[in-house]
Amino acid sequence: MKTFSAADLATPDEGPKRWLIHTERTRIASLVLDGSVQVPVHAHAESDELFYFITGRARVRDEHGEFLAGPGDAVALEPGTFHTIDVVEGPVLLLAIVAPNVDDTRQRDAL
């Protein structure tokens, strides 16, 4: 069993990402987005990605539209879906869950 608690989450003063769980099958990171760095438009060829928003507000955009996410909201993206996140009201703290844990990220310039 692998566990993490609120004390393990990333904080704005230490950088944007902290790995919480990184196994052969799954990776979970906490991310702090303050709007100073743009999340590149990217997709995961084989992996599902789920975002769970804890604080702040962000616009999650993909090829099909956009969703304004806030505390308690979740967004699930299927493999191959190009997406990005724009901070609306920050800082945004979220959990990013990717499974399976494979190196399958592809980037492009825009949606």
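Values for this structure:
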read-out	value
Pairs, first at positive phi in the stretch 80-97, second surrounded by fewer than 18 Cβ atoms within 10 Å (Cβ to Cβ), C-beta under 7 Å, six or more apart	Gly80/Ala45
Selected residue (only one of Glu78, Glu66 is touching a Lys or Arg at 6+ places or on another chain (Cβ under 7 Å), farther than 19 Å from Arg18 by Cβ, of a type in the set (D, E, K, R) and at pLDDT 95 or above)	Glu66
The stretch 68-85 - residue that is over 11 Å from the mean Cα position of the chain (by Cα) and surrounded by fewer than 15 Cβ atoms within 10 Å (Cβ to Cβ) and, of those, farthest from Lys2 (Cα to Cα)	Leu68
All positions within the stretch 37-86 that are among the acidic types (Asp, Glu) and closer than 19 Å to Pro100 by Cβ	Glu46, Asp48, Glu49, Glu78
Among (1) without any contact (Cβ under 8 Å) to a residue 12 or more places away in the chain; (2) in contact with an Asp or Glu (Cβ under 6 Å, 6 or more places away or on another chain), the one test that Phe53 misses	(1)
Condition met for Ile21 (in contact with a Lys or Arg (Cβ under 8 Å, 6 or more places away or on another chain), more than 22 Å from Gln107 (Cβ to Cβ), in a strand (DSSP E or B) and of a type outside the set (Gly, Ala, Ser))	yes
Top-ranked residue of the stretch 89-103 - restricted to ones that are over 15 Å from the mean Cα position of the chain (by Cα) and farther than 22 Å from Thr3 by Cα, ranked as surrounded by the most Cβ atoms within 10 Å (Cβ to Cβ)	Glu89
Identity of the residue in the stretch 17-50, in contact with a Gly (Cβ under 7 Å, 6 or more places away or on another chain) and more than 18 Å from Thr81 (Cβ to Cβ), that ends up surrounded by the most Cβ atoms within 10 Å (Cβ to Cβ)	Leu33
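The values are calculated or read from the model by the stated rules, or taken from the named source; none is laboratory data. This is a predicted model, so every value here is computed, not measured. With ideal geometry, Cβ positions are generated from the backbone for all residues, glycine too; neighbour counts draw on all protein chains shown.
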